[in-house]
Amino acid sequence: MNLKKLMTLLLAGVMCVALAACGGGGESGGDGASGNTPENLTEDVQAIVDRGVLRVGVKTDVPGFGYQDVLSEEYSGLEIDLANKIAESLGIDEVECIAVTAATRGQLLDSGDIDMVIATFTITEERKSSWNFTTPYYTDAVSLLVKTDSGISQYADLDGKMIGVSTGSTSMEALIAAAAENGVTLTKESNFSEYATYPEIKTALDAGRVDAFCVDGSILSGYLDDTVVLLDSIRFSPQEYGIATKLSNTGLAEYLDGLVNTWLEDGTIDQMISDNGVAASFEE
Ligand code: GLU
């Protein structure tokens, strides 16, 4: 086999892993829509139905929310269940999961590569001017992961410390505000290191390059091991997760908001939360 052919095969392999299916939407099996498609859909929603595949940006490393098993490549979690249920309600049989991070999910929506993001995406006023968000389906809180022997247990202990956060996340601003409310001054320049991915922050924590790893508790729970502890004493800044769509896809946004509201009212979302072993939504 020549090198070019080998490279093509390897690349194809990478694509298959990255685009592994989330699971089925409808019950009927086979390709495309299952025939249970609702009527009078807006153009943007109809285009997805006609394609017969729902493309959803999900996390792969957040247990209980969006998680991909390394060996089986199977996806699981509340956000995967939501994606499959949306496909089912549209009569679509196929859901394609595309791995996203805090830094990539907005661009992938804008480019049209994905139809929606269901990926621990916090609704903020600023983000609402770039994307549509549904009513929140879950509320988490920001927290800190520290080494068991770090001596960090309260805001005062963060004075002079270095904290790892991810680029494009709400975490740094949230911690600066919460620390200030508790009498501790943290600044972007002196107290934070930004990383592109969460595994890089965990490596930095293990290597002692940062003293704490700060993001939503749901995300931190994916990095627990014998050497670290998730601080119950520092939980702040409610993070309301919404399903995000491209700003111009207003019909799709409205359709999804209708589904989320129905599923909040009829207990479907509560059931998914408990099925996935996720803690009840955070309340201050
Ligand atoms: N939920 C937070 C955010 O949207 C944390 C980052 C993340 O979801 O990866 O900024």
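The values are calculated or read from the model by the stated rules, or taken from the named source; none is laboratory data. Owing to the predicted nature of the structure, the values given are computational and were not obtained by experimental measurement. All Cβ positions, even for glycine, are placed from backbone atoms using ideal geometry, and neighbour counts span all protein chains on display.
The figures follow:
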{"read-out": "Residue satisfying all of: in the range 201-248; away from the ligand (no atom under 11 Å from the Cβ), modelled with pLDDT of 95 or more and of a type in the set (S, T, N, Q); surrounded by the most Cβ atoms within 10 Å (Cβ to Cβ) among these", "value": "T245"}
{"read-out": "Looking only at the range 80-134, and only at residues there that are away from the ligand (no atom under 16 Å from the Cβ) and part of a loop (DSSP other than H, G, I, E, B), the one that is surrounded by the most Cβ atoms within 10 Å (Cβ to Cβ)", "value": "D115"}
{"read-out": "Output for the range 187-217, where each listed residue is among the β-branched types (V, I, T) and either free of Cβ contacts under 8 Å to residues at least 24 places away in the same chain or in contact with a Pro (Cβ under 9 Å, 6 or more places away or on another chain) (or both)", "value": "T187, T203"}
{"read-out": "Members of the range 188-200 found to be under 17 Å from G168 (Cα atoms) and exposed (fewer than 13 other Cβ atoms within 10 Å of the Cβ), listed by number", "value": "K188, E189, P199"}
{"read-out": "Selection count, the range 135-150, where residues are near the ligand (Cβ under 10 Å from one of its atoms) and either on the phi > 0 side of the Ramachandran plot or among the acidic types (D, E) (or both)", "value": "1"}
{"read-out": "Selection from the range 124-159 of residues that are closer than 20 Å to D81 by Cα and of a type outside the set (D, E)", "value": "F133, T134, T135, P136, Y137, Y138, T139"}
{"read-out": "Residues within the range 56-76 that are within 13 Å of the ligand (Cβ to nearest atom) and more than 21 Å from L252 (Cβ to Cβ), tallied", "value": "4"}
{"read-out": "Filtered residues of the range 268-284 (kept if part of a helix (DSSP H, G or I) and either closer than 18 Å to V62 by Cα or within 17 Å of the chain's Cα centre (by Cα) (or both))", "value": "I269, M272, I273, S274, D275"}
{"read-out": "Pairs where the first residue, in the range 218-231, is more than 11 Å from I152 (Cα to Cα) and the second is in a helix (DSSP H, G or I) and modelled with pLDDT of 95 or more, C-beta under 6 Å, 6+ apart", "value": "Y223/K202"}
